[in-house]
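J.: Please find one structure pasted underneath; my questions will follow.
FYI, it's all coordinate maths here, none of it is from the lab. For clarity, every value in this text was computed on a predicted model and none was experimentally measured. Positions of Cβ are backbone-derived with ideal geometry, glycine not excepted, and every protein chain shown enters the neighbour counts.
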């Protein structure tokens, strides 16, 4: 399984406008709802906020992986959100977040959630140039292509 197979143009949000954590989560979830990928935005936002209350999902170096599990999702959803100005997200290094990988998976399959989280973390760890490339992307297609190329590099 690859991240580039899960994401699509409907799950790539360029130019997040939010200036704080709560608004960033809402903006990303509302984008998914607008694109008809989810239909219970309030529940997803609540679950994401519950998860954040346990500790930030910001990894540092401008990246965060907010995530939650809900009953009614059949296929995993990964939204890639990008903001040049950055959003304060209580990151361990204190830096704002520019790249979000928002993950929603089924409650029925907790293993899949962990697999995708690990996949995202590995991609970030092994691709130091990934963040800069994503920040320069001009279209959702370009974002997907950048991620696909990084995944191919890692599997060589």
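J.: Considering Cα pairs under 8 angstrom that are at least six residues apart, work out the relative contact order of the chain and quote it in whole percent. All intermediate terms of the calculation are to be shown ahead of the outcome.
T.: Values: 265 pairs, mean separation 41.4, N = 156.
It rounds to 27 percent for the chain.
J.: Taking every DSSP beta bridge with both residues inside the chain, roughly what % is antiparallel (nearest 5)? Write down the numbers at each step before the final one.
T.: Details: 9 of 18 bridges.
Within the chain, antiparallel bridges account for around 50 percent of the total.
J.: Please give the FRET efficiency for residue 34 paired with residue 139, using the beta carbon to beta carbon distance and R0 = 22 Å, rounded to the nearest 0.05.
T.: On the way: r = 18 Å, r/R0 = 0.81.
With R0 = 22 Å, the Cβ-Cβ based efficiency is 0.75.
J.: Let me ask another. Neighbour counts of other C-beta atoms within 10 Å: give me 61, 151 arranged from fewest to most. Don't jump to the answer; show the numbers that get you there.
T.: Values: 61 15, 151 18.
By the 10 Å Cβ count, ascending: 61, 151.
J.: Further, regarding this structure: Arrange the following residues from fewest to most other Cβ atoms within 10 Å of their Cβ: 56, 74.
T.: On the way: 56 17, 74 9.
Lowest to highest Cβ neighbour count: 74, 56.
J.: Let me ask you something else. Relative to the present Cα-Cα distance, how much length would full extension add between residue 155 and residue 118 at 0.36 nm per residue of separation? Show your work: numbers first, answer last.
T.: Working: separation 37, 0.36 × 37 = 13.32 nm, distance 1.49 nm.
Residue separation times 0.36 nm, minus the Cα-Cα distance, leaves 11.8 nm.
J.: Mind giving me the nanometre distance, one decimal, between the label points for residue 93 and residue 19, set 7 Å out from Cα along Cα→Cβ?
T.: 2.5 nm
J.: In the set [x] 112; [y] 101; [z] 174, which value of volume of the Cα convex hull per residue in Å³ was calculated from the structure you see?
T.: Structure-derived value, by its label: [y].
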